[in-house]
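The values are calculated or read from the model by the stated rules, or taken from the named source; none is laboratory data. Being a predicted model, the structure only gives us computed values, none of them experimental. When we count neighbours, we look across all protein chains shown, and the Cβ atoms used for this are built from the backbone with ideal geometry, even at glycine. Heavy atoms of the whole protein, side chains included, go into the accessibility calculation; ligands, DNA and RNA do not. Shrake-Rupley method; radii C 1.70, N 1.55, O 1.52, S 1.80 Å.
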Amino acid sequence: MTLASPQPDIAVIGGGNAALCAAITAAEAGARVLILEAAPKPYRGGNSRHTRNFRCMHRGPLGPLTDSYTEEEYLADLMKVTGGKTDEGLARLAIRSSEECLPWMEAHGVRFQPSLSGTLSLARTNAFFLGGGKGLVNAYYRTAEALGVQVEYEAAVTHLEIHDDRVTHIDYTQNGETRRISPKSVVVASGGFQADTDWLARAWGPAAKNFLIRGTPYNRGVVLADLLEQKVEQVGDPTQCHAVAIDGRAPKFDGGIVTRLDCVPFSIVVNKNGERFYDEGEDVWPKRYAIWGRLVAAQPDQVGYVIIDAKSLELFMPSVFPPIKADTLEDLATKMGLPPAVLAETVAEFNAACGDTSGFHPTELDGVSTTGITPPKTNWARPITEPPFYGYSLRTGVTFTYLGLKVDERAQCSIGNRPVSNLWAAGETMAGSILGQGYLAGFGMTIGTVFGRIAGKEAAAHAN
Amino acid sequence: MQTEFLEEARRQAEICNACRYCEGYCSVFPALHAERAFSDGDLTQLANLCHNCRGCYYACQYTAPHEFALNLPQALANVRQDSWEEFAFPRAAGQAFQKSGLRIALATVLGFALLIWAMLSLASAGGEGFYAVLAHNTMVAIFLPAFLFPLLSLAISLRRYWRAVGAGPLRFSDLRGGFAAAANMRNLNGGHGDGCNFEDEDRFSQGRRFAHQAVMYGFLLCFAATSVATLMHYLLDLRAPYPLWSLPKLLGLSGGLLLTLGCIEMIRLKLRADPELGASGATSGEFGFVALLGFVGLSGLALYGLGQTPLMPAMLALHLGAVLAFFLLTPFSKMAHGFYRLAALTADAQKKREVAR
Ligand SMILES: Cc1cc2nc3c(=O)[nH]c(=O)nc-3n(C[C@H](O)[C@H](O)[C@H](O)COP(=O)(O)OP(=O)(O)OC[C@H]3O[C@@H](n4cnc5c(N)ncnc54)[C@H](O)[C@@H]3O)c2cc1C
Ligand code: SF4
Ligand code: SF4
């Protein structure tokens, strides 16, 4: 055990968006700040480096955002996705503060771009980072280092010792050594536990071993588990995670955004037995996108297979892996490891149930549906007839977990009803305090930015 | 063209097309997003739209050690470099220069300098100033072909380029679009006005943009100085040497300074930049070119400074040798990139017009 020196005023655990917002804010308040980031430098930035946008309230045009997006509308959108499972006070705080975040982000080096061609519907509500989340993370590291923030990479925190409502010291490992520091204030911003598949499997059952993790392999919930064990107040449900259906060939970790598949509405989806199991035309992106993660997770071996034909190939965003292609359905089935006869039968049955397709409209709910089969396809139901045929495999891709640390409006953690006097949490690790279930695009970065800044400010005030 | 370069660029372009995070950085990405599959010609066009600012590399979540191992600046630089070799006329000259540009530049300069030196010593021309050592007509006889050959060569190359990328008949509005994009150097500002990531990892800076600007305007000023002097010579019968407050001198001096300093800064930036993000095996060609260009400027300034001393004939030979080498090597050196970029931007403008229709 070595004592790291010099001792910082504030230790920030994690190196993603929330951690950086906290570190910058604390350093600007005059504190000596140390960031402990588990990942090596090329992988710094956690899940934040995979993000693309930030959801922001605004009363008039603001930066890249058009029109206005009011607190009430934002809250209503959040209520819709969470089914009311949210702490309204904290939610309003996050929403209201998001408006001042955008100029703050710009002032600290983040650059935004005009909204992407494919996602115009988000131009009003979401600001897109130029170069994506890694660009944002890079800008924050530059800013933080210019403010004197010290960054340690490959520094994985293993334990926070809590005595009498106070964190007395932190242990972390680096270069095979265990080091101990005793900062005055501690900010935890180390994300969720989704990269620990054993933990996922304990919560979800063994099926979770087949899940792919869309983000960083470093968010293993080590600090979260350590704090929960010491009775720090928890929030959220361990069995809940945000999962989407992604390309089954994606890497186990860190596949990020490119592994998403947008072709489901124009397809039929079968399981490994060649049978359909859900209405592929239920809703438009992004709602549909999110439900399919769970649907696939419930199928044998946690896999699904999307089947489309030539006429649908160009209707969705290009995907990172080319589709599997064959001239007949039987060949396609063989190539994909599906029973050929069953697949042909399933497609024939589906095709027979399709009716008038003249109203087909790829970008809206068009009501072009099947009759007489279960499950039905309620929109975009066109027979799969035109060779070549294409297929993609689907797996469940976990975005984040909901179990986390409960915080108050000052981002402070507590044990029972008493605050831990020098412990704050920000970002995904406390997002469950606001987001009980569901997900609102761009809200993760909002929570991280808002609560990162609050945590940084409070931690600095405590240290001074 | 080398298929492994094209394959690698295609693989990476497909990943970018599924990601699209870098859309705002430069004109490569909007052009890329317009396709679903990439032909060799598409990749050549994308590669020539890229100016290696490296913004997309540092912003990419898929760079090595990630298994996708994205390095788009290098993938495009390799295709670009390769395309220049492919389109060069004569082809062998292009290949040679990419491989050993520094040596070729040096050898050419010295060769020409010796040649001119020999001519100087053989004939005393009986003029004034420089013309006392080299007759004006001799100079024209040497430089006119050296000026016309590169133009012809470049014209052939650009025609090859135009065909390879599958661009249609040229319209005036396309040209206007291409020149407009080139003139305001829109792409050099990084899409956000902070510049590029050339010298110090992910830090944005205007360094390369300013250095590039200095080189370009320095070159244009020198070119203008020569042109003005030629006009004065033929139309007004005003012969060199010109006084300090004359147009050729003012243009030449300011241009020479800008050119020399710009090239020095370019070399400094290149030395600081990560070579892994540029074309593999083209370092010699790139340094050779910048060094040659800088030497044209520097020897011009030296000639001016030493014009009244016994060193003048030697300096004259060196400077003229450098200028001659520069012109003759233009189609094969990095100088050609300006022409290809203009062609790429023009083809891009044409594509946009067709899409808009
Ligand atoms: C593919 C993908 C796309 C997404 N797109 C968006 C989007 O567009 N908009 C949006 O708002 N949200 C998006 N999200 C969600 C978003 O990524 C998160 O909400 C947000 O990044 C959380 O930020 P954070 O700082 O809390 O955590 P992270 O950015 O994940 O940072 C956690 C950090 O903690 C470090 N760490 C973990 N354990 C330890 C330890 N023991 N010791 C030291 N350090 C440790 C990690 O290395 C990491 O750097 C996306 C998520 C994914 C996976
Ligand atoms: S360079 Fe990387 S971040 Fe940028 S578009 Fe390509 S894959 Fe995406
Ligand atoms: S290196 Fe710069 S110019 Fe080239 S593709 Fe990337 S962002 Fe565009």
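At a glance:
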quantity	calculated
Given (1) assigned to a helix (DSSP H, G or I); (2) open to solvent by 10 Å² or more (accessible area, probe 1.4 Å); (3) away from every other protein chain (no Cβ under 14 Å), number of the condition B:Ala47 does not satisfy	(2)
Matching strands (runs of 3 or more DSSP E) fully within segment A:161-238 where at least 3 residues are surrounded by fewer than 24 Cβ atoms within 10 Å (Cβ to Cβ), in contact (Cβ under 8 Å) with a residue 40 or more places away in the chain and on the phi > 0 side of the Ramachandran plot	none
Verdict on A:Ala455 being hydrophobic (A, V, I, L, M, F, W, C), more than 16 Å from ligand 3 (Cβ to nearest atom) and surrounded by fewer than 24 Cβ atoms within 10 Å (Cβ to Cβ)	no
Pairs with Cβ under 9 Å, 6+ apart, first in segment A:28-53 and more than 11 Å from A:Asn219 (Cβ to Cβ), second β-branched (Val, Ile, Thr) and within 16 Å of ligand 3 (Cβ to nearest atom)	A:Pro42/B:Thr63
Residue match in segment B:210-217 (condition: closer than 16 Å to B:Leu253 by Cα, open to solvent by 30 Å² or more (accessible area, probe 1.4 Å) and at pLDDT 90 or above)	yes
Conditions (1) within 14 Å of another protein chain (Cβ to nearest Cβ); (2) under 26 Å from A:Gly436 (Cα atoms); (3) in a helix (DSSP H, G or I): number failed by A:Ala127	(3)
Candidate set: segment A:378-420, residues that are of a type in the set (Gly, Ala, Ser) and over 26 Å from A:Gly444 (Cα atoms); chosen: the one surrounded by the most Cβ atoms within 10 Å (Cβ to Cβ)	A:Ala381
Tabulated pairs, segment A:313-326, first at the interface with another protein chain (Cβ under 8 Å from one of its Cβ atoms), second open to solvent by 40 Å² or more (accessible area, probe 1.4 Å) and in a loop (DSSP other than H, G, I, E, B), C-beta under 6 angstrom, 6+ apart or interchain	A:Pro318/B:Arg36
Any hit, segment B:181-198, residues being over 19 Å from B:Ser27 (Cβ atoms) and within 14 Å of chain A (Cβ to nearest Cβ)	no
Residue match in segment A:268-282 (condition: within 14 Å of chain B (Cβ to nearest Cβ), buried (at least 22 other Cβ atoms within 10 Å of the Cβ) and not charged (D, E, K, R))	no
Candidates B:Ala75, B:Ala69, filtered to the one that is within 12 Å of ligand 2 (Cβ to nearest atom), away from chain A (no Cβ under 11 Å) and not in a helix (DSSP H, G or I)	B:Ala69
Cβ pairs under 7 Å, 6+ apart, first in segment B:1-16 and more than 19 Å from B:Val165 (Cβ to Cβ) and open to solvent by less than 80 Å² (accessible area, probe 1.4 Å), second β-branched (Val, Ile, Thr) and in a loop (DSSP other than H, G, I, E, B)	B:Ile15/A:Val320
Pairs where the first residue, in segment B:18-32, is over 11 Å from B:Leu46 (Cα atoms) and open to solvent by 10 Å² or more (accessible area, probe 1.4 Å) and the second is among the aromatic types (Phe, Trp, Tyr) and near ligand 3 (Cβ under 10 Å from one of its atoms), C-beta under 8 Å, 6+ apart	B:Arg20/B:Phe29; B:Cys22/B:Phe29; B:Glu23/B:Phe29
Residue in segment A:254-267 that is surrounded by fewer than 22 Cβ atoms within 10 Å (Cβ to Cβ), more than 14 Å from chain B (Cβ to nearest Cβ) and not in a helix (DSSP H, G or I) present	no
